[in-house]
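Below is one structure, written out as structure tokens; the observations come after it.
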Amino acid sequence: MNADRKILSVCDSKISGYVKLVVGDDFSNRHTRKAAFPQHLETLHKALKPDGLFHIGMKLGTGEARDRIGRFYAYYGEEELMDLLQAAGFRPEFGEHGSGKGLDGTDAPWIVVRARA
């Protein structure tokens, strides 16, 4: 993540004065084991400027499992995700629910959340 911090710092210096730094995690961490997820969130929080925006999308559900084509997924309930975001220092502001078919053809519920550092 150190390389990412350097990239984020460069991006941030170019946009300073216009908008706060924004980090998007659009369904990337759904492949992260639940045991490692809190540390990922803490690292992302540290990379953001105070009051910076964070966007995350996750599949809703419980536990960990592989889909029909063998890809690993970690599933979270809405309350569980909000608790993890808050524990990492984020302030969730907005959530939206939906569902859609994944690469394996299975329809699955999801949530996207906007939070501030």
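Among what's in the stretch 81-97 and is within 15 Å of Gly57 (Cβ to Cβ) and among the hydrophobic types (A, V, I, L, M, F, W, C), pick the residue that is surrounded by the most Cβ atoms within 10 Å (Cβ to Cβ). Going through the qualifying residues, I end up with Phe90. Of the strands (runs of 3 or more DSSP E) lying entirely inside the stretch 54-117, the ones with 2 or more residues being over 20 Å from Ala36 (Cβ atoms), within 13 Å of the chain's Cα centre (by Cα) and free of Cβ contacts under 8 Å to residues at least 60 places away in the same chain are found at 91-101.
Scanning the stretch 62-76 for residues that are crowded, with 17+ Cβ neighbours inside 10 Å and more than 21 Å from Phe90 (Cα to Cα) gives a single hit, Tyr73.
Scanning the stretch 39-54 for residues that are surrounded by fewer than 15 Cβ atoms within 10 Å (Cβ to Cβ) and at pLDDT 90 or above yields a single hit, Gln39. Among the residues of the stretch 21-38, those identified as of a type outside the set (Lys, Arg), modelled with pLDDT under 90 and closer than 29 Å to Thr106 by Cβ are Val23, Gly24, Asp25, Asp26, Phe27, Ser28, Asn29, His31, Thr32.
The values are calculated or read from the model by the stated rules, or taken from the named source; none is laboratory data. What you see is a predicted model, and the numbers here were worked out from it, not measured in a lab. Reconstructed Cβ throughout: ideal geometry from the backbone, glycine too, with neighbour counts over all protein chains shown.
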